[in-house]
Every structure is written in structure tokens, then in C-alpha cells.
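Please treat every number below as a calculation from the coordinates, not as lab data. From a predicted model like this one, the values you see are computed outputs, not experimental measurements. All Cβ positions, glycine included, derive from the backbone under ideal geometry; neighbour counts span all protein chains shown.
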Amino acid sequence: MRVIVTFMRKFVYCKILFFSLLLFLPVDLFADTTGDSLTVSLITCSPGSEAYERFGHTAIRVQRPAKKIDIIYNYGMFSFSTPNFIYRFTKGETDYWLGIDRFRDFLFSYAMRNSTVYQQQLNLTQAEAYALFDALNSNSLPENRVYRYNFLFDNCSTRAEDIILRNAGGVVRYDTVFVQGTFRSLIHACTKPDKWLTFGIDLALGSRIDKSITFKESLFLPDNLMKAFASAQVETDSVVRDLVCKTDVLISSDAEEADENEGTVLSPLAVSWLVAIFAALLSVWQYRRGWQLRWFDSLLFLLYGITGCVLFFLMFVSEHPATYPNYSAFWLHPFHLFIAVAVWLKSAKKIVYYYHFINFAVLIAFLLLWNVIPQQFNEAFIGLIVAMLVRSACGVAMERKSG
């Protein structure tokens, strides 16, 4: 009996000594690399039907099964309820933030949109994965999570790329074969199904988006980032490895490719030429009858003038880097508001005449230089320009006829 008690005491002492030594050993030495592994993936969602969904979305998924962690880090969080949201968005002062959510909730929301969701598992060591995990958690703190959103240069895609590359453990090399086009051509590829959205973007954004872009700049689109990651490699001092080790389709959308609205009667091109034809028919009728159509000129130039005010605000007040210069300001500007009022004033008759004469000359020059000006214009602009051109020509002709 005494022998058994002595043995038990020695066993307990040895056990205490063993666990005491563990306190002085590195934690990673006995880490369960299989049961407590961390997996990080780039998530890419295909475009949705809303205007802000047309360009797709990028997020980062982190999985740690041992701790039952499966969360998404989303740099695309914003709220329409933010005070003065429309004004701040127009001025280029929109703030986005990094949000964290359960992955299943995130996936469900995109399933409801009928979007295809791709997952690219990153080929990271556990040290790199945990470093990226720590960086994301640090970035999600209240004092760090908010950033000034910029559609072309600082968005959900560029943010995700930046934080992954900084923690990849080496230099990431891209295959730059697919680089081509301009910001506008890449935007058009995304907005192709929505002609009115394309029209609005072409109206608001100026010539800076018509310059050839670099490979790095093209990664502002989630789909381009996904393609870049698919062929990217990580170079370290000792080894070169693929950045992505596995690609899965988590949700496969059954939505058919949206029509390009070419069969829609109320497309921007159709509407612009309807306005031009209506203006031409009224002008012919006015010239033959000798009547004044002040109401039409007042309405037409009022609409053009108000739109011109928005255009000038984007050019000279907004902080958006892509809105200045915008050569559409030669035909769409606030000075048209003057004519909207002056046509009703007899004392301004001569001034209106000279305004129409100058406006006619500017519009003719603009159309002649259409392919020379360093900016790509929407084809629907032509009908709107012709409508105003016809009215200015009619104004000059009527004044000469009466004089």
C-alpha cells in the first residue's frame, strides 16, 4: 500500500512539473495545426440589378472551424440613411466602412439577389493567415474602419487587394496579359444592360476616364481582381507559389444575361432623337406661321441649364477626381438658364438673338470636333445637341425674318 501511495505522489509531482515546463515553451510548439487552422478566401459576387450592384462586389472570408468562426469582412458597407447622403455622394464625400458579418447571412443576401458567388481560397501559411486575420480585425476597429470611398481608386475591391498583398508573406506577381481599355470602357462593360445608367455616367464623368489605364488601376472591378488572383503568384526568398490554391462556385446564378435595352422604346438614344425631331417640327411650324414658342424654349433651356448646374457642380465643387475636365460643358452649362427667362423679356430681344447665334456656332463646332475632343461622348448626346441647335437656328432665323 505504501508503495502505491509513493508511486502516486511521484506521478502527481511529475505531472505538475510537466505542465509547469509548458508555461516556458513556445505556444506554437504544441499548436494543433489541423484542428485550429485558419483559412482565408477572396469572395467575388457577380453584378446585381440595382445601379450600385452593377459592378459586382468583393469581400474576404475567414474560417476557423475549431472556434466555429466563419465570418465575412466587407469593405462595401454604407447607409442611405446617412444625413445628406445624396449631396455628400455627389460631392465625393461618401464614407464607407469595413463591416463584419456571419458568412451564411452574407451568402444568403447574394442568393436572394440571384448573384453568382465565387470563392478563391488563398494559399497562405498559417502565420500569414493569422497576420491577415489580425490586420482585418485591427482595420475593423471603430477608429479604423471608416474610409473615404472613391469608386475608381478606393473601394471594396482595392481595399481587399491591398490588405491581402500586405500580408501575403512575399511579393505578389500578376499576369498582366488581360490589361486593356480605359476606365470608361470597363465601366461600359458593367453598365451595358442599363442604357440610362451608362448615359448618366457618361454625362457626369469627364475626359480623365478616357485615358488608357494600368493593370493595377483595372483592379477596381471585383471581376478583374478575381481574374488577377487566379493567375497570381507569391514570390519569397525560397519558393514561388500560387496565390490561390482552390476555387469554388458557392452559388451559381440561373439568371439569364440581361438585355441591353436595345428594344426599349424609352432608351436614351430614342428619347434624345424624339426630342430633336419634336424640336425640328416645332421650329418649321414656327417659322412658317411666324409665331413665338417661348414656352418651349423656356422649358428646353431650363432643363439644359439645370443639368448644366449639376455638371458644373461636379466639375468645380465635387471632390471626385474623374469629373474634371468634362467637355460636355460646352453644350450643357448654367448659362442656358438666362435664355429660359430672357425669352419672356422684350428688352432682351437682341441679347437672346446674339446668344442663339453664339450657341449655334458653338454647337456646330462641337459636333464637327466630336471625334477630335479627348473625351468619349454618349451617342444619345447628339440628339439632345441637335434639339438645342435647331432651336437656336430658329431663333436666329426668326429674328432676321422679323427684322
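Sort out for me the Cα centre separation of the stretch 318-388 from the stretch 135-179, rounded to whole Å.
Here the answer is 41 Å between Cα centres.
Can you check what the net charge comes to around residue 355, using other residues whose Cβ is under 13 Å from the Cβ of residue 355 (Lys, Arg +1; Asp, Glu -1)?
Taking every Cβ under 13 Å from that of residue 355, the sum is +1.
Are there any chymotrypsin sites (Phe, Trp or Tyr not before Pro) in the stretch 263-301 that are in a DSSP loop and have at most 12 other Cβ atoms within 10 Å? List them by number.
291
Setting aside same-chain residues fewer than 8 positions from residue 349, which lysines have a Cα under 18 Å from its Cα?
Straight-distance partners of residue 349: 401.
On C-alpha positions alone, give me the angle between the axis of helix 195-204 and the longest principal axis of the chain, in degrees, nearest 10.
Rounded to the nearest ten degrees, it is 80.
Answer rounded, prolate or oblate for the stretch 171-259, using the Cα gyration tensor with square roots of eigenvalues a ≥ b ≥ c: rounded when a/c is under 1.5, else prolate when a/b is larger than b/c, else oblate.
Oblate, since a/c reaches 1.5 and b/c is not below a/b.
Considering just Cα atoms, how many Å³ per residue does the convex hull of the stretch 144-295 enclose?
In the stretch 144-295, the Cα hull volume divided by residue count equals 193 Å³.
Using the alpha-carbon atoms, what tilt in degrees (0 to 90, nearest 10) does helix 103-112 show relative to the longest principal axis of the chain?
The helix 103-112 is inclined about 30 degrees to the chain.
Counting only C-alpha contacts under 8 Å and six or more residues apart, can you give the relative contact order of the chain as a whole percent?
16 percent
In a solvent-free Debye calculation with one equal scatterer on each Cα, what is log10 I(q)/I(0) for the chain at q = 0.06, 0.07, 0.08, 0.12 Å⁻¹, listed in the order of the q values?
Treating every Cα as an identical point scatterer, log10 I(q)/I(0) equals -0.39, -0.50, -0.60, -1.01.
Can you bin every Cα-Cα distance in the stretch 264-360 into 10 Å intervals starting at zero and give me the percent of pairs per bin, rounded to whole numbers?
14, 37, 33, 13, 2
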